[in-house]
Amino acid sequence: MADRAMDLSGVPKEVRDQLAELDLELSEGDITQKGYEKKRSRLLTPYIPHITSVELSLPDVQLTPGHSAEPSPSPEAPGPSTSSAPRSHRGHRSGGTRDDRYRSDIHTELVQAALAKHKEEKMGLPMPTKRRSAFVQSPVENCTPPDTSSASEDEGSLRRQAALSVALAQSLQSPEYWINRSLQGSSTSSSASSTLSHGEPKIQPQPQPSTAIVDVLAHLRIENSVPPDVTSSSSRLDLPPAVKGMSRGQSRCSMLDNTADGVPVNSRVSTKIQQLLNTLKRPKRPPLSEFFLDDSEEIVEVQQPDPNTPKPEGRQIIPVKGEPLGVVSNWPPALQASLARWGATQAKSPALSVLDITGKPLYTLTYGKLWSRSLKLAYTLLNKLGTKAEPVLKPGDRVALVYPNSDPGMLWVAFYGCLLAEVIPVPIEVPLSRQDSGSQQIGFLLGSCGVGLALTSEVCLKGLPKTPNGEIMQFKGWPRMKWVVTDTKYLTKPSKDWQPHIPTANTDTAYIEYKATKEGTVMGVAVSKISMLTHCQALTQACNYCEGETLVNVLDCKKDMGLWHGVLTSVMNRIHTISVPYAVMKACPMSWVQRVHIHKARVALVKCRDLHWAMMAHREQKDTNLSSIRMLIVADGANPWSVSSCDAFLNVFQAHGLKPEVICPCASSAEALTVALRRPGARGAPLPARAILSMAGLSHGVIRVNTEDKNSALTVQDVGHVMPG
């Protein structure tokens, strides 16, 4: 090019380095010829004021015998200066600089011989093309044989043909060197320097034809030619005879590179462009019609039955219906009506006793206090939150109950206060930290239920994690919550003319109970008012509850059996419940046994873990009497591992008055409530039968009495009859 033949000695080193980087980008195909010219002219314009635009024209090549083919000096630019470029720069760009400084007589003879041979074989010019940037990467593989069908040539075309022949001869002087250079790029400079440093003989620098051949090919205008498909390995270039004579391995290495996915492509295509083309070649998303297929078009793989599956035997299983639910004349129309009745007629009767961490009674809540506090909370929720025009809560809204297990009295007041206000309570666990995974699942439940207000106690509120400003931290996964403290001093006494609306039990939702699935997710189960009342009546009939009995509850009173027996059914039958929190159980595993002994409790509500802990710690407590218990309800009695706990507990405490027939395991779930419950047996009656099932049959989903080795058997116990109704 014209501007490449200039003396760049006056140009700063930074600009020369930028020009070298431009040459490298052009040789690798990362920049088009037009962009290269534009950026090069922008860099050289401040130092060559008389050049307004860079026009790349092919230099005249003078061919005279005995002289090397060199471009004639341009009148607008001085000749090239070999001393202008720094030595360090030449060493760094030894593999990619366009340098025409090295000439020799041997080189001149080779040029003339190659030119004469080329004219004899091919007369004409190559076909034109507009893809100038495609002729930059590798001089060897970008040479297309001239077209023999061209008729007449003007002086400019002859000059271009001569320059092309000279460049071809220079490039063919050392084919292996240029093939390796096209593969290795500019990295050959470092290898060359290391070779010289090891004391090997210095090789005379080869003439670098990259400048001449790229200049020639960049200005060839090839017409009637289709741009090459750079993504196809089938498009090949016709090579000069000298290149055709190379070995197959050398030719393949110089012509083709492998992309990331193994598709051979021309090496003149940069990696970035090839990755883009491979991405565009990927199949697009299938059309919308293919997403909707009829069932008849789908091939359903039919699972073949296992030949080892046991054959069915005996009678066909049919659903078992429970005994009819008895009709009692004094049963209330709603659970709230029971609380109102006992609060007015049995105000001093104890409803709930709470133990402290040492196992001693902390306080006792009477039915009168439970009724009055629940009434105040219902009035406060409906009338004191917000304004009359825009109340915060309306009947049918859902609120979260956030109370620790160690404070069941506040939970009772909040639960029945929500029932009286016709607000749907959602009892949940107290969040421990912002990143608590269980709390996050509960937050998703609250969000799906539309809960925006949480009721809690003052002590619990102080223990919640807070921000530096003193506000309650926004727990992960939780919706925005408004916290309301339900301690008595924060409640408002209702006016004399205000009375809660207690409708007859219907299908409206009474409360939402949360349940954790096997996968760890939390879901809510909405229980209607009629289901809640019917379940309490069925439990009363099955357990034969009587007014004034004492019940010891070790379970969580926010859900499952602890809620159904310890909060709902106990209030319906005016039972005195003694709650033993889990923290007390960890400190003193025998605390619930002591409460049964002290209060002469008739019913105890436990899990098999509580039986196991009490059995392990019974040696510390000798004077215990469990003869008053008529029902020891085991909430997880349907699980196979509860059998051994029940047997071991009976063996230890039978000497302390425990009767074998009082152990009553049950089966239940949050969706179906209590399914079956073993009734207390008569004194001296045989114990319920147990089944020893075959593990091999259970692996196939078949329930069969085991007749094989006892090691492959599973013992399950009877959980009684189906619930009434």
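Conditions (1) open to solvent by less than 10 Å² (accessible area, probe 1.4 Å); (2) among the charged types (D, E, K, R); (3) within 30 Å of Arg690 (Cα to Cα); (4) in contact with a Ser or Thr (Cβ under 9 Å, 6 or more places away or on another chain), marked per residue:
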{"site": "Trp564", "(1), (2), (3), (4)": "yes, no, yes, yes"}
{"site": "Ile578", "(1), (2), (3), (4)": "yes, no, no, yes"}
{"site": "Ala583", "(1), (2), (3), (4)": "no, no, no, yes"}
{"site": "Lys607", "(1), (2), (3), (4)": "no, yes, yes, yes"}
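Of the residues in region 351-361, how many are in contact with a strand residue (DSSP E or B) (Cβ under 6 Å, 6 or more places away or on another chain) and either part of a loop (DSSP other than H, G, I, E, B) or of a type in the set (Lys, Arg) (or both)?
The number of residues fulfilling the criteria is 1.
Go through Thr577, Thr674 for me and flag whichever is touching a residue at least 60 places away in the same chain (Cβ under 8 Å), part of a strand (DSSP E or B) and within 40 Å of the chain's Cα centre (by Cα). Show your work before the answer.
Values: Thr577 fails: within 40 Å of the chain's Cα centre (by Cα).
So the residue among Thr577, Thr674 that is touching a residue at least 60 places away in the same chain (Cβ under 8 Å), part of a strand (DSSP E or B) and within 40 Å of the chain's Cα centre (by Cα) is Thr674.
Of the residues Arg609, Arg595, which is in contact with a strand residue (DSSP E or B) (Cβ under 9 Å, 6 or more places away or on another chain), outside any loop (DSSP other than H, G, I, E, B) and either under 30 Å from Ala538 (Cα atoms) or in contact (Cβ under 8 Å) with a residue 60 or more places away in the chain (or both)?
Details: Arg609 fails: in contact with a strand residue (DSSP E or B) (Cβ under 9 Å, 6 or more places away or on another chain).
Exactly one residue qualifies, and that residue is Arg595.
Determine, yes or no, whether Val327 is open to solvent by 70 Å² or more (accessible area, probe 1.4 Å) and more than 45 Å from the chain's Cα centre (by Cα). I'd like the intermediate steps shown before the answer.
Values: open to solvent by 70 Å² or more (accessible area, probe 1.4 Å): yes; more than 45 Å from the chain's Cα centre (by Cα): yes.
So Val327 fits the description; yes.
In the set Gly438, Gly417, which member is touching a residue at least 40 places away in the same chain (Cβ under 8 Å), surrounded by 19 or more Cβ atoms within 10 Å (Cβ to Cβ) and out of contact with any Pro (no Cβ under 8 Å at 6 or more places or on another chain)? Don't jump to the end; show me each part of the working.
Numbers: Gly438 fails: surrounded by 19 or more Cβ atoms within 10 Å (Cβ to Cβ).
None of the other options fit; the residue is Gly417.
Report every pair of residues separated by at least 6 positions or lying on different chains whose Cβ atoms are under 9 Å apart, first residue within region 689-712 and within 20 Å of Asp306 (Cα to Cα) and open to solvent by 40 Å² or more (accessible area, probe 1.4 Å), second part of a helix (DSSP H, G or I) and modelled with pLDDT under 75.
Pairs found: Met695/Asn711; Met695/Ser712; Ala696/Ser712.
Report the residue count in region 362-396 for those that are part of a loop (DSSP other than H, G, I, E, B) and buried (at least 20 other Cβ atoms within 10 Å of the Cβ). Please lay out each step first, then the result.
Step one: filter region 362-396 for residues part of a loop (DSSP other than H, G, I, E, B), giving 384-385, 387-390, 392-396.
Then drop every residue that is not buried (at least 20 other Cβ atoms within 10 Å of the Cβ), which leaves 393.
Summing the residues that are part of a loop (DSSP other than H, G, I, E, B) and buried (at least 20 other Cβ atoms within 10 Å of the Cβ) in region 362-396 gives 1.
Of all the residues that make up region 516-547, how many are surrounded by 15 or more Cβ atoms within 10 Å (Cβ to Cβ) and either more than 27 Å from the chain's Cα centre (by Cα) or of a type in the set (Ser, Thr, Tyr) (or both)?
Final tally of qualifying residues: 19.
Specify the residue that is farthest from the chain's Cα centre (by Cα); the eligible residues are those in region 653-671 that are over 25 Å from Gly725 (Cα atoms) and open to solvent by 50 Å² or more (accessible area, probe 1.4 Å). Spell out how you get there, then give the answer.
Applying the first criterion (over 25 Å from Gly725 (Cα atoms)) to region 653-671 yields 653-660.
Cutting the leftovers down to open to solvent by 50 Å² or more (accessible area, probe 1.4 Å) gives us 654-655.
Working: Gln654: 53, Ala655: 56 Å.
Ranking the candidates gives Ala655 first.
Does region 540-555 contain at least one residue that is out of contact with any Gly (no Cβ under 9 Å at 6 or more places or on another chain), of a type in the set (Asp, Glu) and not in a loop (DSSP other than H, G, I, E, B)?
no
The values are calculated or read from the model by the stated rules, or taken from the named source; none is laboratory data. Remember, it's a predicted structure, so these values are computed and weren't measured experimentally. Glycine also receives a Cβ, built like all others from the backbone with ideal geometry; neighbour counts cover every protein chain displayed. Note: accessible area is taken over every heavy atom of the protein model, side chains too, but ligands, DNA and RNA are not part of it. Shrake-Rupley method; radii C 1.70, N 1.55, O 1.52, S 1.80 Å.
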